[in-house]
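Written below as structure tokens is the structure these notes are about.
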Amino acid sequence: MMLSVRWKKLWKRIGAEGDATKALVRILSFYFSPERWYHTPLHIDQCLDEFETVKSLSVWVDAVSMALILHDSIYETRPRFPRNNEEQSAYFATKLLEQANV
């Protein structure tokens, strides 16, 4: 299943307010940056495909799905920038979901 379809279904399931497509465009603007060779939309789809095989074991399916989609939204590899991608990705995810009243 394509990431955009998964995202829109997840957005609806979690009761997020606002435009799911607009939020996804923000996310994809990170994942399509030219310096990325691994953390791309294809990688996210692959993560979600893997999770699909074990999601019955999870109590928090939507939370895990959201974490997989956003886990490396910020991915800075240039040496002059701090290497706190996980923290910045978590901050981005928090702000995105707060704006959607989740």
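The values are calculated or read from the model by the stated rules, or taken from the named source; none is laboratory data. Only a predicted model underlies this, so the values are computations on that prediction, with no experimental measurement involved. Cβ: placed from backbone, ideal geometry, glycine included. Neighbour counts: every protein chain shown. Each accessible area value is taken on the protein alone, full model and side chains, heavy atoms only, with ligands, DNA and RNA left out. Shrake-Rupley method; radii C 1.70, N 1.55, O 1.52, S 1.80 Å.
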Which of the numbered conditions does Ser58 fail, given that it passes all the others? Conditions: (1) open to solvent by 40 Å² or more (accessible area, probe 1.4 Å); (2) free of Cβ contacts under 8 Å to residues at least 12 places away in the same chain; (3) polar (S, T, N, Q). (1)
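Yes or no, residue by residue, for (1) under 19 Å from Val25 (Cα atoms); (2) more than 13 Å from the chain's Cα centre (by Cα):
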position: Asp62; (1), (2): no, no
position: Ala67; (1), (2): yes, no
position: Asp72; (1), (2): yes, no
position: Phe92; (1), (2): yes, no
position: Lys95; (1), (2): yes, no
position: Ala100; (1), (2): yes, yes
Filter the range 34-55 for residues that are open to solvent by less than 70 Å² (accessible area, probe 1.4 Å) and within 24 Å of Val102 (Cα to Cα); which is modelled with the lowest pLDDT? Pro41
Among all residue pairs at least 6 apart or on different chains, which show Cβ distances below 6 Å where the first residue, located in the range 14-33, is β-branched (Val, Ile, Thr) and at pLDDT 95 or above and the second is part of a helix (DSSP H, G or I) and open to solvent by 20 Å² or more (accessible area, probe 1.4 Å)? Ile14/Asp62
Name every residue in the range 78-102 that is assigned to a loop (DSSP other than H, G, I, E, B) and surrounded by 13 or more Cβ atoms within 10 Å (Cβ to Cβ), in order of residue number. Ala100, Val102
Report yes if Ile69 is of a type in the set (A, V, I, L, M, F, W, C), at pLDDT below 95 and open to solvent by less than 30 Å² (accessible area, probe 1.4 Å), otherwise no. no
